[in-house]
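What follows is one structure encoded as structure tokens, with my remarks underneath.
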Amino acid sequence: KAGVTQTPRYLIKTRGQQVTLSCSPISGHRSVSWYQQTPGQGLQFLFEYFSETQRNKGNFPGRFSGRQFSNSRSEMNVSTLELGDSALYLCASSLVGAATSVYEQYFGPGTRLTVT
Amino acid sequence: GENVEQHPSTLSVQEGDSAVIKCTYSDSASNYFPWYKQELGKRPQLIIDIRSNVGEKKDQRIAVTLNKTAKHFSLHITETQPEDSAVYFCAAGGTNTGNQFYFGTGTSLTVIP
């Protein structure tokens, strides 16, 4: 099976702009989570989507949003970019969600976002 | 919410020695504890995980232990090799509300040949 893919891999934006990142999960995986990775803060949970619904959300401002499509592909959007949004954005997919014993998450390669 | 602390932040060992990384968590509802290895410029790779109903799990040179009462879990790597050099992250989560995971801040492991 193909792994988790993310596009684009690199992105340079200017403060105030908005950006949309895309994630395609492993085939059959229905849960997609997004994380922000920075050298100082490590991996921080943004949100999780399951069956096209946001099921969990981390402590990020409303400028960060996402959605999931019926084929489980997910996008995240960041509006009004700030310099501090520069980071590696990782998505991870999982076969199933809660109420089961399977939680393994597999990460994509990430999108490196630079805000200038 | 969950808070995961990880120690040490850096660790250097001689090839062949053992390495131990420790994590604590705060939310007693967390029931799944994965460990990831991230090499420079690469994605985090799941190397081992443990669930709340198990105290210890081993996979070749890697083992993880979990103490639910004390809310801490540890990664043990034996007979370390230079290719074990990477950043290791612990995480806690997997409550009944879904796949919401909180990560430790990482341990940079260097294995000296």
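The values are calculated or read from the model by the stated rules, or taken from the named source; none is laboratory data. As the structure is a computational prediction, the values presented were derived from the model and not from experiment. Note that each Cβ is placed from the backbone with ideal geometry, even for glycine, and that neighbours are counted across all protein chains shown.
Values computed for the structure shown
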quantity: First in the stretch A:62-82 and without any contact (Cβ under 8 Å) to a residue 24 or more places away in the chain, second anywhere and surrounded by fewer than 17 Cβ atoms within 10 Å (Cβ to Cβ) and of a type in the set (Gly, Ala, Ser), Cβ under 8 Å, 6 or more apart; calculated: A:Arg63/A:Ser79; A:Ser65/A:Ser79
quantity: So B:Tyr88, is it at pLDDT below 95, part of a strand (DSSP E or B) and either farther than 30 Å from A:Ser51 by Cβ or within 14 Å of chain A (Cβ to nearest Cβ) (or both); calculated: no
quantity: So A:Ser31, is it touching a Phe, Trp or Tyr at 6+ places or on another chain (Cβ under 7 Å) and small (Gly, Ala, Ser); calculated: yes
quantity: Identity of the residue in the stretch B:1-38, modelled with pLDDT under 95 and acidic (Asp, Glu), that ends up farthest from B:Ala70 (Cα to Cα); calculated: B:Glu2
quantity: Strands (runs of 3 or more DSSP E) wholly inside the stretch A:36-116 that include at least 3 residues being closer than 22 Å to A:Lys13 by Cα; calculated: A:42-50, A:64-68, A:74-78, A:87-94, A:111-115
quantity: Selection status of B:Ser26, closer than 19 Å to B:Thr105 by Cα, within 14 Å of chain A (Cβ to nearest Cβ) and of a type outside the set (Asp, Glu); calculated: no
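Yes or no, residue by residue, for (1) buried (at least 21 other Cβ atoms within 10 Å of the Cβ); (2) closer than 19 Å to B:Tyr32 by Cβ; (3) at the interface with chain B (Cβ under 10 Å from one of its Cβ atoms):
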| site | (1), (2), (3) |
| --- | --- |
| A:Arg15 | no, no, no |
| A:Gln18 | no, no, no |
| A:Gln36 | yes, no, no |
| A:Pro39 | no, no, yes |
| A:Gly42 | no, yes, yes |
| A:Tyr49 | yes, yes, yes |
| A:Leu81 | no, no, no |
| A:Ser86 | no, no, no |
| A:Ala92 | yes, yes, yes |
